[in-house]
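Note sheet for the following structure.
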Amino acid sequence: MQDQIIPVSVRGRYLWRNEERFIIKGAVYQNNYIRATTAPQEQNVKGLFTRSSPPSDPIADDQLEVLSCSIPLLLELGINTLLIYSIDNTKSHDVAMDMLAKAGIYVIAGLSTPQKSVNRAAPFDSYTPDLLQHYFATVDRMAVYPNTLGVVAANEVLQHAGHTVGAPVIRALVRDVKRYMALHVAEAGASAAGEPYRVLPVGVISNGMSSIFYNEFRYFTGGNPEEAVDFFSWNEWSWVGQSSMQVSGWNRLVESFENAHVPVFFAEYGTTSGESTPRKFYETSAIYSPEMTRIFSGACVYEFFEGSNRYGLAVVRADGTIEKLRAFDNLKGRLQACAENEVATLPEWVSSSRELIESNRPEVPVQGADWRAPEGLPECPLDWDEVRTQIEDRQWIDVADEVERSILVDAAESP
């Protein structure tokens with residue numbers, strides 16, 4: 001379906017597109033925007049905005065109007081990756097993902113939704129066949145697209161030491177999703193439409209809370225690789241305004257992840273706290289410097305659309321058009337200035353031998369005051385023989401979905 005976009009893969013501590021390092025120049029993309037009723041030169045004028053409909057999946061095929069207007073602006077910025085918090089697995093994404101693929105844009109897709117996720121207050125009660133089936137259905141939607149960079153099993157579930165009791169549930173979900181994809185490839189190998197079904201990288205997003213952060217990294221990346229994540233990311237807000245590597249503490253991040261054996265990157269960055277608006281994005285220059293790319297694989301700016309929290313780069317007008325804000329041009333300038341930077345790649349990680357990876361894989365942390373996860377993982381509540389039967393028998397694309405996709409394709413191709 002897509003025009004030969006090359007899938008991104010994980011090899012050791014880096015992301016790769018064939019033999020070339022892939023550095024994420026990403027943006028959080030969600031349609032929780034508010035519409036501007038007049039020209040938004042001054043974003044803080046009361047009464048300027050009206051709320052849009054409730055947030056939904058922004059890359060489903062029923063969102064093509066806004067997505068088609070967004071893509072030229074994303075390309076103008078130099079964005080190559082979108083972070084999508086939630087996917088509606090009941091909807092087709094074929095046309096949208098094809099549009100993004102033709103633009104050279106990849107997607108990191110969240111598996112959870114507000115309705116289907118790990119409840120940090122009762123994590124073990126959340127670990128149900130229903131949740132797993134939802135995760136599997138979302139994987140089925142995204143695993144056939146070559147521009148799906150990876151999927152996120154949990155986003156900011158652990159916010160303090162008390163929540164770490166539920167960490168085994170997240171690790172179990174990672175285990176089960178990886179097993180499901182491997183089983184699907186072994187049993188079926190393709191979708192009903194004939195597109196290859198991929199084993200996608202699976203990761204988590206941490207909120208970066210310092211008291212549990214490094215134990216969180218060790219817990220989700222360490223130990224048995226069949227249960228461990230393939231990438232680790234977090235929301236990074238330490239750099240404020242015209243800061244520096246030392247003042248922000250990013251020099252310590254570089255030191256702390258010196259031996260990371262999986263790709264690490266910022267899932268969100270770009271704080272407005274303590275900085276005049278619009279944001280100047282001084283930190284972008286650091287993110288794409290050789291000092292950082294030696295260890296890290298890029299970042300996703302928060303966020304593309306202007307919402308009620310005023311973090312946007314662009315605003316949706318009342319007539320449906322999209323207008324750039326001043327922060328857009330500021331970020332564009334920073335990213336363009338970084339375009340010629342050397343991507344620093346450690347030679348030993350080009351081949352990423354099994355010995356190198358395993359020698360850097362950490363031990364899972366033991367229980368303590370700041371890490372309370374019990375040993376072991378809960379058993380999967382599914383019968384894997386039944387799962388295998390479902391994979392063998394399932395009609396992957398139902399008639400209603402095919403009709404919807406045909407209508408959308410015809411509409412997209414009509415002059």
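Placing pseudo-labels 7 Å out from each Cα toward the beta carbon at SER351 and GLU363 gives an inter-label distance of 2.9 nm. Here the calculated FRET efficiency for GLU323 and ASP385, from their Cβ-Cβ distance with R0 = 60 Å, stands at 0.65, rounded to the nearest 0.05. Taking all Cα pairs closer than 8 Å and separated by 6 or more residues, the relative contact order of the stretch 112-223 comes to 33 percent.
Maximal additional length on extending the ASN251-SER68 stretch stands at 62.0 nm, based on 0.36 nm per residue less the C-alpha distance. How much FRET efficiency would the formula 1/(1 + (r/R0)^6) give for SER211 and GLU76, where r is the Cβ-Cβ distance and R0 is 60 Å, rounded to 0.05? For R0 = 60 Å, the calculated efficiency reads 0.90.
Spacing of the modelled spin labels on ARG11 and LYS102, each 7 Å from Cα toward Cβ, amounts to 3.1 nm. Working note: Debye formula, equal point scatterers on the alpha-carbon atoms of the stretch 193-239, no solvent; log10 I(q)/I(0) at q = 0.15 Å⁻¹ is -0.49. Counting only protein heavy atoms and a 1.4 Å probe, tell me what percentage of the stretch 183-246's accessible area is made up of carbon and sulfur. Carbon-and-sulfur percentage of accessible area, whole number: 50. Spin-label model, LEU183 to ALA339: label points 7 Å out along the Cα-to-beta-carbon direction sit 4.7 nm apart. Scaled to the globular estimate 2.2 N^0.38 Å, the Cα spread of the stretch 134-239, given as radius of gyration, is 1.16. Restricting to bridges with both residues inside the stretch 186-310, how much of the DSSP beta-bridge set is antiparallel, in percent to the nearest 5? The antiparallel fraction comes to roughly 10 percent. Sorting the segments 323-333, 84-94 by their residues' average number of neighbouring beta-carbon atoms within 10 angstrom, most packed first, yields 84-94, 323-333. The per residue volume of the convex hull around the alpha-carbon atoms of the stretch 232-287 is 71 Å³. Sorting the segments 261-271, 157-167 by their mean number of nearby beta carbons within 10 angstrom, highest to lowest, gives 261-271, 157-167. Shown is the FRET efficiency for ASN119 and GLN242, computed with R0 = 41 Å from the Cβ-Cβ distance and rounded to the nearest 0.05: 0.55. The residues of the chain present an accessible area of 42 Å² per residue when probed at 1.4 Å with all protein chains retained. For the options GLN367, GLN115, GLN63, a Gaussian network treatment of the chain with springs between C-alpha atoms closer than 10 Å singles out GLN115 as fluctuating the most. Stokes-Einstein diffusion for the chain at 10 °C, viscosity 1.306 mPa s, with a Kirkwood radius from C-alpha pairs, works out to 72 µm²/s. In terms of packing, defined here as the mean over residues of other Cβ atoms within 10 angstrom, the peptides 134-146, 348-360 line up highest first as 134-146, 348-360. Here is how the number arises for the chain: DSSP H runs of 4 or more residues each give -39500 (n - 2.57), the sum is divided by the residue count, and the result at 222 nm is -10000 deg cm²/dmol.
With 0.36 nm allotted per residue and the present C-alpha distance subtracted, the GLU291-SER56 stretch has 80.8 nm of extension available.
The values are calculated or read from the model by the stated rules, or taken from the named source; none is laboratory data. All values reported here derive from a predicted model rather than from experimental measurement. Heads up, the Cβs are rebuilt from the backbone with ideal geometry, glycines too, and the neighbour counts pull from every protein chain shown. All accessible areas refer to the heavy atoms of the entire protein, side chains included, with ligands and DNA or RNA removed. Shrake-Rupley method; radii C 1.70, N 1.55, O 1.52, S 1.80 Å.
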